[in-house]
Amino acid sequence: MCQQPACAKRAGCFFSRDRRTPIAAGAGATETGKDDSAGACVSFRILGLDPGLARMGWGIIDVSGTRLTHVAHGVLRSDAKAELPQRLLYLHQAIAEVIERLRPAALAIEQAFVAKDASAALKLGQARAVVLLVAARKGLAIAEYAPNHIKKSVVGAGHAEKAQVQAMIRHLLPTAQVESADAADALACAIAHAHFSGTRAKILAALAGEMDTRLPSGGAGGKKVALG
């Protein structure tokens, strides 16, 4: 059974039952938890975040080719009665524990949006800043996505309702058993990043292939071209 991080109880963490303790596989990368001595595929691990001061949803997936695998998810809840510095400190410590324990290679987070309530927008910005700082200090690659982009990537519609997002997450990640809308949004953010990373990789591969076809063969009398 997977050992949960120290924040598991207070963060309401859920781990897929078929997971094992992740094994470090170099800087910023982790294995799927299986022995790679037999040629097991190494996954790219993504942490998705749905930022918020009162509730911050998080979710981690492994990406191996086109396959998505749920690792863990949860919701960080700060004490509404505590002072703002203490609430931000809690978020800092809790997300740092999650990153340290599960070793994601990248962070995908929702972009900030302008709210009608200026005070709420400011608090959201402070919560985002805290987790962005933690991720940067841990050396994670960081990507930000607009909420509409995330919904379109997962559901197919940029104005999908939260219930639709949650239902699609259950379909795409059947072992997740996600009940919280905040955690579902975080997993959706991670999936959106996985889709974008996969698309970008295909474009780069296609461009590289096109470049190869244009290069001289280097035969008799030909000159070899070095790509800088």
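Condition check: surrounded by fewer than 18 Cβ atoms within 10 Å (Cβ to Cβ), part of a helix (DSSP H, G or I), modelled with pLDDT under 95 and of a type outside the set (Lys, Arg). Does Ala112 satisfy that?
On the way: surrounded by fewer than 18 Cβ atoms within 10 Å (Cβ to Cβ): yes; part of a helix (DSSP H, G or I): no; modelled with pLDDT under 95: yes; of a type outside the set (Lys, Arg): yes.
Taking the combined requirement at face value, the residue does not satisfy it.
Restricting the search to the range 148-159, which residues are closer than 20 Å to Gly52 by Cα and either under 14 Å from the mean Cα position of the chain (by Cα) or among the small types (Gly, Ala, Ser) (or both)?
If the condition is that a residue be closer than 20 Å to Gly52 by Cα and either under 14 Å from the mean Cα position of the chain (by Cα) or among the small types (Gly, Ala, Ser) (or both), then Ile150 is the only one that fits.
Hey, can you tell me all the residues within the range 79-115 that are closer than 21 Å to Asp185 by Cα and among the basic types (Lys, Arg)?
Residue satisfying the conditions is Arg103 alone.
Answer yes if at least one residue in the range 64-72 is among the charged types (D, E, K, R), under 19 Å from Ile150 (Cα atoms) and more than 13 Å from the chain's Cα centre (by Cα), and no otherwise.
First, the residues of the range 64-72 that are among the charged types (D, E, K, R): 67.
In the following step, the residues that additionally are under 19 Å from Ile150 (Cα atoms) were identified as 67.
Right, trim to more than 13 Å from the chain's Cα centre (by Cα) and you get 67.
Yes, the conditions are met somewhere in the range 64-72.
Return only the number of the condition from (1) within 25 Å of Ser64 (Cα to Cα); (2) surrounded by 19 or more Cβ atoms within 10 Å (Cβ to Cβ) that Ala146 does not satisfy.
Condition (2) is where Ala146 drops out.
Any residue in the range 181-208 that is assigned to a helix (DSSP H, G or I) and modelled with pLDDT of 65 or more sitting within a Cβ distance under 6 Å of a residue that is small (Gly, Ala, Ser) and surrounded by fewer than 24 Cβ atoms within 10 Å (Cβ to Cβ)? List the pairs, counting only those 6 or more apart or interchain.
Going by the 6 Å Cβ cut-off, the qualifying pairs are Ala192/Ser153; His193/Ala143; His195/Ser153.
Being β-branched (Val, Ile, Thr), part of a loop (DSSP other than H, G, I, E, B), exposed (fewer than 13 other Cβ atoms within 10 Å of the Cβ) and at pLDDT below 50: is that true of Thr32 here?
Details: β-branched (Val, Ile, Thr): yes; part of a loop (DSSP other than H, G, I, E, B): yes; exposed (fewer than 13 other Cβ atoms within 10 Å of the Cβ): no; at pLDDT below 50: yes.
It is false that Thr32 is β-branched (Val, Ile, Thr), part of a loop (DSSP other than H, G, I, E, B), exposed (fewer than 13 other Cβ atoms within 10 Å of the Cβ) and at pLDDT below 50.
Could you please tell me which pairs satisfy a Cβ distance under 9 Å, a separation of 6+ or placement on different chains, a first residue in the range 79-90 that is in a loop (DSSP other than H, G, I, E, B), and a second residue that is of a type in the set (D, E, K, R)?
Pairs found: Asp79/Arg87; Ala80/Arg87.
Tell me, yes or no, whether the range 50-63 has at least one residue that is over 20 Å from His195 (Cβ atoms) and either of a type in the set (Asp, Glu) or not in a loop (DSSP other than H, G, I, E, B) (or both).
yes
Quick check, is Ala157 under 21 Å from Gly74 (Cα atoms), in contact with a helix residue (DSSP H, G or I) (Cβ under 9 Å, 6 or more places away or on another chain) and part of a loop (DSSP other than H, G, I, E, B)?
Working: under 21 Å from Gly74 (Cα atoms): no; in contact with a helix residue (DSSP H, G or I) (Cβ under 9 Å, 6 or more places away or on another chain): yes; part of a loop (DSSP other than H, G, I, E, B): yes.
Judged against the criteria, Ala157 is not a match.
Taking the range 128-154, which residues are among the basic types (Lys, Arg) and in a loop (DSSP other than H, G, I, E, B)? Talk me through it step by step, then tell me what you get.
The first filter runs over the range 128-154 and keeps only residues among the basic types (Lys, Arg), leaving 128, 137-138, 151-152.
Lys138 - this is the single residue of the range 128-154 that is among the basic types (Lys, Arg) and in a loop (DSSP other than H, G, I, E, B).
Suppose the filter is out of contact with any helix residue (DSSP H, G or I) (no Cβ under 9 Å at 6 or more places or on another chain), surrounded by fewer than 18 Cβ atoms within 10 Å (Cβ to Cβ) and not in a helix (DSSP H, G or I); does Gly125 pass it? Even if it seems obvious, please write down each step before you answer.
Working: out of contact with any helix residue (DSSP H, G or I) (no Cβ under 9 Å at 6 or more places or on another chain): yes; surrounded by fewer than 18 Cβ atoms within 10 Å (Cβ to Cβ): yes; not in a helix (DSSP H, G or I): no.
Criteria not met by Gly125.
Yes or no: Val75 buried (at least 19 other Cβ atoms within 10 Å of the Cβ), over 24 Å from Ser197 (Cα atoms), modelled with pLDDT of 95 or more and within 16 Å of the chain's Cα centre (by Cα)? If you could, list the steps in order and put the result at the bottom.
Values: buried (at least 19 other Cβ atoms within 10 Å of the Cβ): yes; over 24 Å from Ser197 (Cα atoms): yes; modelled with pLDDT of 95 or more: yes; within 16 Å of the chain's Cα centre (by Cα): yes.
So Val75 passes the test.
The values are calculated or read from the model by the stated rules, or taken from the named source; none is laboratory data. Predicted model, so just to flag it, every value in this text is computed and none were measured. Glycine also receives a Cβ, built like all others from the backbone with ideal geometry; neighbour counts cover every protein chain displayed.
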